[in-house]
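A.B. asks: Quick one: the structure is below, and I'll ask about it shortly.
All of the numbers you see were taken from the coordinates with simple rules; none came from a lab. Here the structure is a predicted model, which is why all the values come from computation and not from measurement. Cβ placement follows ideal geometry from the backbone for every residue including glycine, while neighbour counts extend to all protein chains displayed.
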Amino acid sequence: MDGEVVVVAEGRGGTVTWTSVMTTFMLKHMTAHVETGARTSAGFKSMHYNGCARALNDHFKQSLYGHQISNHYRTVKKKFVKIKNIKDEGSGAGWDDATSTLRMDHDMALKYIDKHKWSAEYIDKPIENYYEMQTCFGDRLATVKYAKGSSEPLGTATTPLEVDEEEDVLGPQSNIGSSATKSLKRAKKEEGEEESLISTLRGVGTDLANAIAKAGANGNDIPDGLYETLCGLEGYNEDHVAQYYGFLVDHPKKARGFMTQRAVELDGSVHQEGVH
């Protein structure tokens, strides 16, 4: 998985060309949601995929939709399942934590790849975004017994199985009577998540937390230059920026409020410099 990996995906909304940089951006965005506890036991909600789409669109000048993010997220999850298969099924592979690489001696690797053609992509090659994938998918895999192929003896080895995550980005709920209750519960949960994240931000820096707490205009447009503005803040590392950016993209009104507040602050500092 070295170098620039390009994945072309087709579906609703047209064809999407996913570069490795875009995939990394998506995984970091979703990882930030996992770490803040935004993901429920049923998985991510449409607001998270839609927010990630807006973030990608803003940063890479794309025209993506939430369901396209969901589809690619599932594709990456399937890759992680394969990696877990190699690590956990007694293949003899070692793990190089420093480089995120599955290691096998040459002869063993040749035999394993001959038996599992798909594994060539993952053996003795650094696995990009492994720890982000571990955060997103590691606790979402169940273990089941399986029967081997017809040419192999039956066994009781275990292999990771994907746990389906319920998502509402692909269509409305069919039960209209319960949808209102679910919407109310979701609104309350989102409000709680928002308050929790703002409390976290206050622990890091009150200037950004106060800015996020301010509301902007109506609409769902993300202000231009949002990511660059966050990167320009002093005292915040890349992980903080990714977390705040994901939150603001999910809340466009607050993103505009933050940008307005930041513009006022910068204008004030320039004015003070002019006075001196």
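A.B. asks: In terms of modelled amide H atoms, which long-range or inter-chain residues lie less than 5 Å from the amide H of Thr101?
C.D. replies: Asp96, Ile127
A.B. asks: Follow-up. When the Cα centres of the stretch 111-128 and the stretch 17-41 are compared, how far apart do they sit, in Å?
C.D. replies: Going from one Cα centre to the other spans 25 Å.
A.B. asks: Assuming R0 = 22 Å, what is the FRET efficiency of Lys61 and Thr260, from their Cβ-Cβ distance, to the nearest 0.05?
C.D. replies: FRET efficiency, Lys61 to Thr260: 0.45.
A.B. asks: Anything over 24 Å Cα to Cα? Flag those among Lys61/Lys84; Lys28/Lys78; Lys28/Lys117; Lys45/Lys87; Lys79/Lys117, in the order listed.
C.D. replies: In this structure, Lys61/Lys84; Lys28/Lys117; Lys45/Lys87 lie more than 24 Å apart at Cα.
A.B. asks: Taking 0.36 nm per residue of sequence separation and subtracting the Cα-Cα distance, how much length would be gained by fully extending the chain between Tyr131 and Asp239, in nm to one decimal?
C.D. replies: Contour length minus the Cα-Cα distance gives 37.5 nm.
A.B. asks: Give me the one-decimal nm value for the distance between modelled label points at Ser20 and Trp95, 7 Å along each residue's Cα-to-Cβ direction.
C.D. replies: Result for the modelled spin labels: 2.1 nm.
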